[in-house]
1. Within segment 71-88, which residues are near the ligand (Cβ under 10 Å from one of its atoms) and surrounded by 17 or more Cβ atoms within 10 Å (Cβ to Cβ)?
2. Which count do you get for residues in segment 48-65 that are among the small types (Gly, Ala, Ser) and within 16 Å of the ligand (Cβ to nearest atom)?
3. How do the strands (runs of 3 or more DSSP E) wholly within segment 1-81 filter down when requiring 2 or more residues that are out of contact with any Gly (no Cβ under 9 Å at 6 or more places or on another chain): which remain?
4. Which numbered condition in (1) touching a residue at least 40 places away in the same chain (Cβ under 8 Å); (2) assigned to a helix (DSSP H, G or I); (3) among the polar types (S, T, N, Q) is the only one that residue 211 fails?
5. Are any of the residues in segment 4-23 farther than 14 Å from residue 68 by Cβ and of a type in the set (A, V, I, L, M)?
6. If a residue must be touching a Gly at 6+ places or on another chain (Cβ under 6 Å) and either free of Cβ contacts under 8 Å to residues at least 60 places away in the same chain or outside the structural domain of residue 68 (by TED's automatic domain parsing) (or both), how many such residues does segment 84-127 contain?
7. Which condition number in (1) buried (at least 19 other Cβ atoms within 10 Å of the Cβ); (2) near the ligand (Cβ under 9 Å from one of its atoms); (3) under 18 Å from residue 12 (Cα atoms) is the one that residue 110 fails?
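The values are calculated or read from the model by the stated rules, or taken from the named source; none is laboratory data. All of these numbers come straight from a predicted model, not from anything done at the bench. So basically every Cβ, Gly included, is an ideal-geometry build from the backbone, and we count neighbours across all protein chains shown.
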Amino acid sequence: MQRLGVYTSGGDAPGMNACLRAVVRTALTNDLDVTGIRRGYEGMIEGDFVEMDRRSVSNIVQTGGTVLKSARSEEFMHEEGRAKAAQQLRQNKIDALVAIGGDGTFRGASKLHDEHEFPVVGAPGTIDNDLYGTDATIGYDTALNTAIENIDRVRDTADAHNRLFLVEVMGRDAGFIALNCGIGGGAELILIPETITEMDMVKERILSLMTAQRRSTIVVVAEGDELGGARGIEQALRDDPDFSDIDLRSTILGHTQRGGAPTASDRVLASRLGVAAVESLLDGHSDVMVGLVNGETKLTPLRNVYGRRKSIDYDLLKLTQILS
Ligand code: ATP
């Protein structure tokens, strides 16, 4: 292996830059050349490549987003698109890849490995924390802290007016952010995709808190919850005359959760995993993701990463019933 290619793909996550920096510097330290692939698989297909040196990753450990940019590529979903990408990689003498991204990125990387025998190691970069094979993903801790900071602000105004706030956080299929920021932010109710949410239960709980106990109430809901996120719940409550006296507001935190400087924890995680990804390739591993499990780096076949579901901590969920 002489030349390593590295790319960020899928949803951007704070800490991707710290990981990229670690990949580039570890590769250079091991006398490898490094090509940065811009805009994920889209850039790979188009040959949007840039030579990386130590300086090209200076001053990025602290920044959000990704200096290589990210994209979603429909063309790469098809065999012909992947064949074009493989041809670009070969023409540019790239021998192996580090993929920084989420579950879709790894599905694509695995196909590139199977169809074109490209050595590839993944590093988990996604705010959702929904990847099997690592205790935390790069970007999750930052997104969680951003969400908590916003919930604290919402709490101040909710309290001042005895309002009900529905706060929607990211998580289409996974409730890690909702569950943890709900507990950390003292939410009265947390609704996540992993559990069955019944509207009657939601209404009963809110009425008991707001009318019987006269408390301001915060409901944290993951965007993928089956009641339709904050908007879906708001509509159902507005349609119910029992809620006509309740001052109700919805806040969707949305993309604010993706941006911002990575937390210390994300920077360290990203740096460790970036180093470990390159070392794993040098040790001859491929078609695996490097994760951190119980404080140790661990390799998991990509197939298992996207084939298995990472479970939320159900004990944490029980905790809310006691704490709220
Ligand atoms: P996040 O979890 O933050 O959304 P992700 O990596 O899962 O990140 P996706 O948009 O799902 O983001 O995937 C990124 C890209 O990976 C897609 O745009 C597509 O090009 C490629 N990809 C996804 N799924 C597949 C697949 N089944 N086969 C081939 N390529 C895929």
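1. Scanning segment 71-88 gives 71, 73, 76, 81, 82, 85.
2. Within segment 48-65, residues that are among the small types (Gly, Ala, Ser) and within 16 Å of the ligand (Cβ to nearest atom) number 2.
3. 3-8
4. (1)
5. no
6. Going through segment 84-127 one residue at a time, the tally reaches 1.
7. (3)
Residue-wise test of (1) touching a His at 6+ places or on another chain (Cβ under 7 Å); (2) in a helix (DSSP H, G or I); (3) more than 23 Å from residue 266 (Cα to Cα).
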residue: 132; (1), (2), (3): no, no, no
residue: 136; (1), (2), (3): no, no, no
residue: 156; (1), (2), (3): no, yes, yes
residue: 171; (1), (2), (3): no, no, no
residue: 182; (1), (2), (3): no, yes, no
